[in-house]
Amino acid sequence: MGGREKSLLAFADTTLIHHIYKRLAPQVDKVVISANGNPERFAMADIPVVPDLRQDRAGPLAGLEAVMTVYNAPWFLTVPSDTPMIPLDLLKGLGSKITIDKKKVVIAKSGQRHHHVIGLWPREVLPLISKALDDDQRAIKHWLAANPHQVVEFAFSQDGSDPFFNINTPEELLLAKAKFSL
């Protein structure tokens with residue numbers, strides 16, 4: 001995106017981060033942003049920003065560790081800031097796979113693709129996440145491969161749109177705006 005902060009790009013009548021916030025807020029008790037750097041860039045969003053606790057910018061797994069450390073909640077729903085059409089029933093769908101063993105992460109899948117960053121994480125996995133980061137294992141994908149988890153399949157919409165379509169290029173931003181009539 002030419003070095004621009006994706007989450008602050010114009011989308012619909014707002015920014016990507018606000019658009020995602022509007023889709024998430026009715027599903028959860030609190031929405032926070034996990035981000036490093038100057039938190040003031042999100043000031044207009046009026047959403048709390050939690051930086052990583054680690055100095056080496058260890059990616060989304062470190063962001064999850066920081067949020068879990070700062071906030072005392074039993075479960076954490078995670079989504080990336082470049083996926084504007086997350087389902088309005090994402091939490092309900094992921095929550096449907098919570099088993100008696102409430103220590104399993106539940107992640108989303110659409111089509112043949114697993115969406116490792118889109119998940120429902122129980123607080124009980126925090127020590128496992130911290131241990132992985134201590135061992136320099138940073139990728140959520142690899143963490144999930146080494147730990148029990150569940151997967152929930154989300155259907156494509158009737159027009160064939162992926163509910164987890166993510167935006168990485170200016171062309172994809174235009175496609176998302178056109179595809180979703182925004």
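Quick look at the values:
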{"read-out": "Residues listed by number, the stretch 20-44, amide nitrogen under 15 Å from Glu5 label point at 7 Å toward C-beta", "value": "20-21, 32-44"}
{"read-out": "Computed lengthening from Asp13 to Asp89, 0.36 nm per intervening residue step minus Cα-Cα distance", "value": "25.2 nm"}
{"read-out": "Percentage relative contact order, the stretch 75-158, counting C-alpha pairs under 8 Å, at least six apart", "value": "38"}
{"read-out": "Neighbour count of at most 14 Cβ within 10 Å plus DSSP loop: longest chymotrypsin sites (Phe, Trp or Tyr not before Pro)-free window in the chain", "value": "72-155"}
{"read-out": "Distance between the stretch 120-140 and the stretch 44-62 - C-alpha centres, whole angstrom", "value": "15"}
{"read-out": "Kirkwood Rh, Cα atoms: Rg over Rh of the stretch 87-147", "value": "0.98"}
{"read-out": "For the stretch 73-182, share of DSSP beta bridges that run antiparallel, in % to the nearest 5", "value": "65"}
{"read-out": "Formal net charge of residues neighbouring Pro26 (Cβ-Cβ distance under 13 Å; K, R +1; D, E -1)", "value": "+2"}
{"read-out": "Selection of trypsin sites (Lys or Arg not before Pro), the stretch 1-80, meeting DSSP coil and at most 16 other Cβ within 10 Å", "value": "Arg4, Lys30, Arg57"}
{"read-out": "Charge dipole of the chain about the Cα centre (unit charges at C-beta), most positive-ward option of Gly95, Phe11, Asn72", "value": "Gly95"}
{"read-out": "Full-extension gain in nm, Phe156 to Lys141, via 0.36 nm per residue minus C-alpha separation", "value": "3.2 nm"}
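Rule-based calculations on the coordinates, nothing more; no lab input. Fair warning: this is a prediction, and the values are worked out from it, not measured in the lab. Glycine gets a Cβ as well: all are built from the backbone with ideal geometry, and neighbour counts include every protein chain shown.
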